[in-house]
Amino acid sequence: MRISAFAKSLVAGVAAGSAAAVAATQDGALVTGEVVTIVLAVLGSWGITYAVPNKPQPPTPPTAL
């Protein structure tokens with residue numbers, strides 16, 4: 001399966017943002033510092049995940065007739 005770098009980073013950003021949002025809203029309030037943490041988690045995961053290349057696929061062996 002071939003996943004583009006953009007799709008991979010988008011999923012990572014959503015996962016990091018939602019995890020940070022859940023942790024930030026445990027006390028029932030969302031303050032500015034927590035919003036900054038959520039935004040930085042999303043942006044950081046986008047950048048890091050986009051920069052890391054996908055693992056190369058091994059070549060498929062030829063099929064026998």
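The values are calculated or read from the model by the stated rules, or taken from the named source; none is laboratory data. Since the model is a prediction, treat every value here as computed from it, not as a measurement. Cβ: placed from backbone, ideal geometry, glycine included. Neighbour counts: every protein chain shown. Heads up: the accessible areas ignore ligands, DNA and RNA and are worked out on the full protein's heavy atoms, side chains in. Shrake-Rupley method; radii C 1.70, N 1.55, O 1.52, S 1.80 Å.
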R0 of 35 Å, Cβ-Cβ distance residue 7-residue 30: FRET efficiency to nearest 0.05:
0.80
Modelled FRET efficiency - R0 30 Å, residue 21 with residue 51, Cβ distances, 0.05 increments
0.80
Spacing of the two label points (7 Å from each Cα toward its C-beta) at residue 14 and residue 63, in nm:
3.4
Could you state the angle between the C-alpha long axis of helix 32-51 and the longest principal axis of the C-alpha atoms of the chain, as a value from 0 to 90 degrees rounded to the nearest 10?
10
In whole percent, the fraction of accessible protein surface over the chain that belongs to carbon or sulfur atoms, probe radius 1.4 Å, stands at 73
Candidates 21, 29, 41; GNM for the chain (alpha-carbon contacts under 10 Å) flags as most fluctuating 29
Taking the Cα atoms only, what angle lies between the long axis of helix 5-24 and the longest principal axis of the chain, rounded to 10 degrees?
30
Note to self, the chain gives a 222 nm [θ] from helices alone (DSSP H runs n ≥ 4, -39500 (n - 2.57) apiece, / all residues, nearest 500) of -21000 deg cm²/dmol
Given a 1.4 angstrom probe, what's the average accessible area per residue across the chain, in square angstrom?
79
Could you tell me the largest-minus-smallest coordinate of the C-alpha atoms of the chain on each of the three principal axes, in descending order and whole angstroms?
66, 20, 12
